[in-house]
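Below is one structure; the comments refer to it alone.
The values are calculated or read from the model by the stated rules, or taken from the named source; none is laboratory data. As the structure is a computational prediction, the values presented were derived from the model and not from experiment. All Cβ positions, glycine included, derive from the backbone under ideal geometry; neighbour counts span all protein chains shown. The area values use the complete protein model at the heavy-atom level, side chains included, leaving out ligands, DNA and RNA. Shrake-Rupley method; radii C 1.70, N 1.55, O 1.52, S 1.80 Å.
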Amino acid sequence: MPLHRLTALTMGVPNVDETIAYYTEFGLTPGADGWLSSTDGGQQLRVTGAPSRRLIEIGIGAEHPGDITEVVHRLRATGAPVQTDGTSVTTIEPVTGTRIVVTVAEPLLQPHTPATPYNGPGRIERQNGRAPGVLRDTAVRPRKLGHVVLGTTDFEASTTFFVDVIGFKVSDRIKDHGAFLRCSTDHHNLLVLNAPVAFLHHSSWQVDDIDEVGRGASAMLEGNPERHVWGLGRHHAGSNFFWYLKDPAGNFSEYYSDMDSIIDDQLWSPETLAGARGLFNWGPPPPPSFLAPDDLAEIMTGAHQPG
């Protein structure tokens, strides 16, 4: 597909150093100018100063300069702002004011990780030894940025922009509430979510398996139980295991594994999900603060469009 991955996101927060420290503990590697890196994706999160927390920029990778040209044509047809140098294009999502940067970028080729042997009824893959997941003692390191969830006051308009103008594809919908969109073979790289104000709901980071989801969250909660938001569970949309935590600025961060892959668009049938299925398949019910973060009123009071 012309678009092939998320490259990075930039979040603005009032407490930059504290937030960088959190994501360093989360498993990303800090670098210069507020950048943090995943093991496979490189520099994928930038933390910068802002009066209140907000999503400033989403970076998207395209295959060829011709793909950039097509995005530029579609943007100009809508009257959206355009800045381009032939290998990248920058614009503003009109509802949320989020900066969108599409750049020619190399595909993300992740090193193969051998499957962990599992025992089951009539199937003994692991003999005479403990499960590898209980023997791991190294820190959990996210492999890549998987997806971003963007709250918008008009999710149909935002969805139309990302699909018809930028080039995302619809994987599933939450009835009257949101749309799971992809710019890669992952089930979703962006969830556009109906909300009373534009805000970053969460960023999601891939780890190897369910053991890494549990180990990562457990390590983050040791001595800091207030970071817990929701998990462990498994989503229906995307099928991924999840555990959500909260950073010091109020943004949610997710460890995930086992995301659905959509290799052939013709073989995937989008669903319109309703009720609990739109949120999860199994696990504890989400707390009210997951659906409506505690600081939304504060964000609404200070809401402004980025310049």
What are the semi-axes of the equivalent ellipsoid of the range 9-167, taken as the square roots of 5 times the eigenvalues of the Cα gyration tensor, listed largest first and rounded to whole Å? 37, 21, 16
Computed ³J(HN,Hα) along the range 264-281: with the Karplus parameters 6.51/-1.76/1.60, θ = phi - 60°, integer Hz and x for glycine or proline, the list is 10, 4, 5, 9, 10, 10, x, 10, 9, 8, 9, x, 4, 4, x, 10, 7, 9
Need the full-extension length gain, ALA131 to ARG76, defined as separation in residues times 0.36 nm minus the C-alpha distance. One decimal, nm. 14.3 nm
If you wrap a convex hull around the C-alpha atoms of the range 34-100 and split its volume per residue, what is the figure in Å³? 106
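Just the Kirkwood number for the range 148-197, please: inverse of mean 1/r across all distinct Cα pairs, in Å, one decimal.
It works out to 10.5 Å.
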Residues meeting the amide H criterion for ILE92 (H placed from the backbone, H to H distance under 5 Å, 5 or more places apart or on another chain) are ILE100
Given a 1.4 Å probe, how much area per residue of the range 1-110 is accessible, in Å²? 43
Electrostatic dipole magnitude of the chain [Cβ: Lys, Arg +1; Asp, Glu -1; Cα centre; debye, to 20]: 300
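Would you mind telling me the share, in percent, of accessible area of the chain contributed by carbon and sulfur at probe 1.4 angstrom?
After summing per-atom areas, the C and S share lands at 52 percent.
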List the aspartates and glutamates whose Cα sits under 19 Å from the Cα of LYS246, skipping any in the same chain fewer than 8 residues away. ASP17, GLU18, GLU25, GLU212, GLU222, GLU226, GLU254, ASP294, ASP295, GLU298
Under a no-solvent Debye model with one identical scatterer per Cα of the range 69-152, what's log10 I(q)/I(0) at q = 0.15 Å⁻¹? -0.77
With the Cα gyration tensor of the range 105-258 in hand, give its eigenvalues times 5 under a square root as the equivalent ellipsoid semi-axes, listed largest first in whole angstrom. 31, 19, 14
Per 20 angstrom bin, beginning at 0 and ending with the bin that holds the maximum distance, the Cα pairs of the chain fall in percents of 33, 59, 8, 0
Tabulate in residue order the Karplus-calculated ³J(HN,Hα) for the range 172-178, using 6.51 cos²θ - 1.76 cosθ + 1.60 with θ = phi - 60°, rounded to whole Hz; enter x for Gly and Pro. 8, 10, 9, 3, 6, 9, x
Suppose R0 equals 45 Å; then what is the FRET efficiency for THR116 and ASP85 from their Cβ-Cβ distance, rounded to the nearest 0.05? 0.50
Distance in nm between GLU226 and GLU63 label points, each 7 Å along Cα→Cβ, equals 4.9
Summing -39500 (n - 2.57) over the DSSP H runs of n ≥ 4 in the chain and dividing by its residue number, what mean residue ellipticity at 222 nm do you reach, to the nearest 500 deg cm²/dmol? -5000 deg cm²/dmol
Pop out the ³J(HN,Hα) list for the range 112-122 in order, Karplus 6.51 cos²θ - 1.76 cosθ + 1.60 with θ = phi - 60°, rounded to Hz; leave Gly and Pro as x. 5, 10, x, 5, 6, x, 10, 9, x, x, x
